[in-house]
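What follows draws every value from the coordinates through simple rules; no lab data is involved. The shown structure was predicted, so the numbers you read here are calculated from the model rather than taken from an experiment. Virtual Cβ from ideal backbone geometry, glycine too; neighbours counted across all protein chains shown.
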């Protein structure tokens with residue numbers, strides 16, 4: 001498989017590779033918040049939070065909307081779909097491998113051969 005640095009999945013994974021950005025996304029899980037409120041809950045400056053939000057927005061994980069004189073940031077649920085699709089490919093592979101092993105009889109021995117613990 002070739003890594004495609006410009007794919008939507010790659011942008012999402014790159015954005016979530018930073019622990020501060022993951023923390024920002026987790027803070028937004030409960031609803032829209034302004035930058036100042038997000039910064040209060042993190043050990044980084046408000047300008048740093050703005051930069052992290054810019055990266056998350058560029059990856060499609062966060063959206064913003066104007067609310068008077070401030071901007072409110074929230075999780076963009078549609079942006080999580082690329083990540084979910086990517087992760088589901090691993091789950092599908094694991095389930096297929098499990099099914100194949102079960103079909104081959106590679107599962108647990110019959111009950112009477114297991115013994116008791």
- [ ] Report the extension gain between residue 44 and residue 7 in nm, rounded to one decimal, defined as 0.36 nm multiplied by the number of residues separating them, less their alpha carbon distance.
- [x] 10.4 nm
Task: Full-stretch length increase - residue 94, residue 71 - with 0.36 nm per residue and alpha-carbon distance subtracted - done: 4.1 nm
Task: Per-residue Cβ neighbour rank within 10 angstrom, fewest leading, 66, 33 - done: 66, 33
Task: Coordinate range along principal axes, alpha carbons of segment 1-103, Å, largest first - done: 61, 28, 25
TODO: When a/c is below 1.5 the answer is rounded, else prolate if a/b is larger than b/c, else oblate, so apply that to segment 51-100 with a ≥ b ≥ c taken from the square roots of the Cα gyration tensor eigenvalues.
DONE: prolate
